[in-house]
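One structure below.
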Amino acid sequence: MLRAFLFFVIICYAVCYEYTFLGCYKDLPMLRTFTVPQLQKKDPCLNICYEKYYRYAYIYNNGQCVCGNYQGEQVTNATCSDCDSCDPSQNLLDIYATGNLVPGPPRNFTVSNVTETSVRLTWQEPESFVEITSYQIRAIIIRTYSRFSPISPNWMYSNNTFQTELITLLPGTKYNITLSTKSPNGNGALVFKVIETKISDPDNLPTQPEIVKHEGSKIKIKIMPTINNNGPVTAYRVIVVDEDVKQGFDKDSVLSYEEAKKNGLSYYIAAELLPKDIDGEFVVGDGRKYGRYYNAPLDPSINYNIILAVISELNGITKIAYSDASGTHNGVFILNVNPDDLGGDSPAVIIGLSIAIGLLSFMLIAGIIVFIILKSRVINRRQRLSDNQELTLQGPMIEVENNGYIHEEEHVPINHYRVLKQKVHTISSNQLKIEPTNLLGVGKYGRVNSGTIHENNTLIPVAAYSIQDKKMSQETKRSMLQDLDVLIKVGKHENLISLIGTCETAQVVSVILDYVSMNLKDLLLGSRDTLPGRFSNMSEAQALDIAIQIASGMAHLEACKVIHKQLCARSVMISNGFTPKISSYGLAQYFSHNKIPDYTRWTALEVFKGQPPNYKSDVWSYSCLLWEICVLGGTPYGNTSNNNEIPERVMKGLRLPQLQYISDDLYQIMLDCWQLDCDERPKFVDLVDSLTNLKENNLIPYLNFNLFSNFQYEQFYPDMELAVRPVF
C-alpha cells in the first residue's frame, strides 16, 4: 500500500510539474551522473532524472540523456540548437531543472539478525545527492502486545554511518523500519522494511489457580487471566503434580497423562484451554479431553498440586511460563486423615524432651551471664587506658581498592585512624556546634545531624556524622575506615560533597561534611511550574548545565578510581546557584531513618547479570539520571510498578524512552551510555565534552520546555523509588 502511494505521488508530480529549462551549458562537472542508455527523447529523459532524484537532466546535441546534480558554464539562455554563435565542435548540452533538491533514497537497505529486542540494519549512500547531514531511522509500531504505552522510537546517525543495531525494540512487535536522509534542503526520500521481532518469555508468571472446591477424584479451580507484554497469550495449560512422589519438576519435560505415565513422571498436562475458555471454573479430573490432553480422574489418596502454564506462540516460536511449581504450600490435600490414626508420642518421650529443653535453657542463660561479666571488664579496661576516644584497629594493614584497609594479622598494635587523621583537618570541640534535634538522616555508622563550625568569625553550616566506637565491631570499624579514606582520597571538588574534617570527644568521633539542604530530585519536581507557554520554571540551559557539572564530578571520581554505585537525582545535592554536589559515596551516605532510596531503576544491565559494578556501570546510571533531569524528576520505567520486574525487562532490551521534547542528539548520548558492551560506553570526560558541545550549538535545541498539545508530565512514584525498611 505504501509503495503504491509513493509511486502515485511520483507520477502525479512528474505529470503536474513543469520542468524548468535553464539554458545551454558546456564544461559539465561529471560528478555522480547517470547516463540513460539508448534514450534520445527529452520528455522521457526528464521523467527518469526526476524519478531518480537528480536535480538536472542534460540533453546533448546528439540527443543523449544524462542525469546529474551540478551545472557547468552557461553559454546562452536559449537551447543549444537555437544558438547561432555557439561552436558546434564544443560538447554542448541543454539543462533542465527537475525540481528535486533533496537526496534520493539510501541504497541496498537490508535487515538482518532480528531478535526479541534488536535488529541489525545496513545501507549505502543514495545514488543521487549533493549533501547529506545525517541519516534518520524510525521504528513505527504497526502491532504490539505491550500494554506499556509504547512509542515509535527514532534514531539519528552521522552521514558516514552505514550500519547499526537497534537494541530497544519490543518483543513480538511488528515494525515498519524506515530509513531516510536529512539535508540542508529537507528530508530525503525514504526506504522501509517491515519486520516482526521474536516473542520473548512471558513477562508475568501466571497466577496460581484458586481452589474453589475439592471432593473425591475432582478438584474445581478458578483460573485468572495472565497479562503478557512480550507476545500473545495463545493458551493455558493445567498441570497436575503428584506431591507424594517428591520428584523434581522439570518444565522441559511436561507431557500428557499417557506419556508421563509411560516415562515415570509424577506430573502431567491435564488440559489445554483457549483464553476465551477460562472465564468460568474448571474441574480437574473430570475424565474429558481438552485439546489433545486427557484430564484423568484423580486418586483421592494422593496429595496433588495444581499449577498453571501460559503459552505464547507466534511465527513458529513457543514460549511457556509456569506458576509456582514448588507445591509445598499450594498443594491440595484430598485425603481426609483421622487424627487418631496418626498415633501419638509416648509419655516417656515427652518427659525426655522436656528435660533436654530445660538443660539447654539453663546453659544458655549461664552463657549470657558470663558474656556480660567479661564484656564489662573489657570496657572498664579500655576506659582506663585512655580518656580520648579513638578508632583503633590492631595489627598491620594492607591497602585495597579505593585505598581502604583490610585487617591481615594481629601482631603490633597500630592506630590506623591516627594515620588517616594526619591527612584531615582537625576541628576542636569548641568550634563545632551540633544541633541534636535536627536529624538529617542515619548512616551505616551512626546518626547525622546539622551543625555549624565557627571559623574566622564565620559560621559554616555542616553535616556532622557522629560515630561511637564502643558500639562498633572490628569489621564495622574496618568498613568505616575504608569509607573515610574514600573521602580523603577524593579531596575537594566543586561538584562533590567533600570532607571538611574530624572532631573528637571522649565518647564520639564526628566526621564533618559539606551540608546542602536540597537534593536534585526535589529541585526537579519543584520546577514543574506551568508558566505562560512553558511547563518548567527552569531553563533548558540550566538543566543541561546541571547534567554537565554532575558528569564533571563523576569524571573526578573515576580519576580517583572510586565507583559510586548509587547515582541518581536523589543522591545529588543542589547548593546555591544551581550547583550540583554528588553525595552518597564513601562515608557521605545517610538517608531518612525510615526510608532509603531503591536504586534498581538506575542499575546497569551487567550488575543485574551478577557482575561487579565498574566505572561504566556508573555511566549507565548517569544516563538514567540525565533522563531524570530532562523529564523534571519523573520516575524511570514508571509504567512498571514492581521493582522486581525491572532487571529482567532491562536485560531483554527495555530502555527509557525518548520524549517529544528531548532532541535526537541528546537522546543518542543516552543510548550510547546504555550500550550492552561496557567498553563501548563513553567515559565521563567524554560526556562532559559531548554535552558541552551540545549546549554551545545554538542551531539545534537539545531540550524544549515549551508547552505543546496533550503535554503530560512523566509521573513521579515515590513508592517505586523509596524502600521502607531499616537503613542498614
Looking at (1) crowded, with 20+ Cβ neighbours inside 10 Å; (2) within 22 Å of the chain's Cα centre (by Cα); (3) not in a helix (DSSP H, G or I), can you tell me which one I512 breaks? (2)
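Is it the case that some residue within segment 457-473 is among the charged types (D, E, K, R), closer than 19 Å to K595 by Cβ and in contact with an Asp or Glu (Cβ under 9 Å, 6 or more places away or on another chain)?
The answer is no; no qualifying residue exists.
Looking at this structure, is E494 outside the structural domain of F705 (by TED's automatic domain parsing) and in contact (Cβ under 8 Å) with a residue 12 or more places away in the chain?
yes
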From the set of residues in segment 267-294 that are of a type in the set (G, A, S) and either within 17 Å of E313 (Cα to Cα) or modelled with pLDDT of 90 or more (or both), which is surrounded by the fewest Cβ atoms within 10 Å (Cβ to Cβ)? G287
Please state which one of L440, L524 is of a type outside the set (D, E), closer than 30 Å to T635 by Cα, in contact with a helix residue (DSSP H, G or I) (Cβ under 7 Å, 6 or more places away or on another chain) and touching a residue at least 60 places away in the same chain (Cβ under 8 Å). L524
Among the numbered criteria (1) at positive phi; (2) loosely packed, with under 15 Cβ neighbours inside 10 Å, which single criterion is violated by D250? (1)
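Would you pick out the residues in segment 79-128 that are under 30 Å from T173 (Cα atoms) and of a type in the set (A, V, I, L, M)?
Listed by number, the residues that qualify are V111, V114, V119, L121.
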Failed condition for I311, given (1) more than 35 Å from the chain's Cα centre (by Cα); (2) at pLDDT 90 or above, with all others met? (1)
Checking the conditions here, which among S552, S575, S498 is touching a Gly at 6+ places or on another chain (Cβ under 8 Å) and surrounded by fewer than 23 Cβ atoms within 10 Å (Cβ to Cβ)? S498
Output the residues belonging to segment 623-669 that are hydrophobic (A, V, I, L, M, F, W, C), within 10 Å of the chain's Cα centre (by Cα), under 22 Å from F705 (Cβ atoms) and not in a loop (DSSP other than H, G, I, E, B). C624
Out of segment 585-636, which residues are at pLDDT below 95, under 26 Å from M518 (Cα atoms) and aromatic (F, W, Y)? Y585, Y590, F591, Y599
Among the residues of segment 548-562, is there at least one that is assigned to a loop (DSSP other than H, G, I, E, B), out of contact with any Phe, Trp or Tyr (no Cβ under 6 Å at 6 or more places or on another chain), within 23 Å of D618 (Cα to Cα) and among the basic types (K, R)? yes
Out of everything in segment 77-107 that is assigned to a strand (DSSP E or B) and charged (D, E, K, R), what residue ends up being farthest from E51 (Cα to Cα)? D94
I'd like the residue in segment 563-584 that is more than 27 Å from I646 (Cα to Cα) and not in a strand (DSSP E or B) and, out of all such residues, is modelled with the highest pLDDT. F578
State whether one or more residues within segment 52-61 are within 30 Å of K174 (Cα to Cα) and part of a strand (DSSP E or B). no
From (1) farther than 30 Å from P184 by Cβ; (2) more than 18 Å from the chain's Cα centre (by Cα), pick out the condition that doesn't hold for I132. (1)
Can we say D84 is among the acidic types (D, E) and either modelled with pLDDT under 90 or touching an Asp or Glu at 6+ places or on another chain (Cβ under 6 Å) (or both)? yes
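The values are calculated or read from the model by the stated rules, or taken from the named source; none is laboratory data. Note that the coordinates shown come from a computational prediction; the quantities given were computed from them, not determined experimentally. Neighbour counts are summed over all protein chains in view; Cβ atoms, including those assigned to glycine, are modelled from backbone coordinates with ideal geometry.
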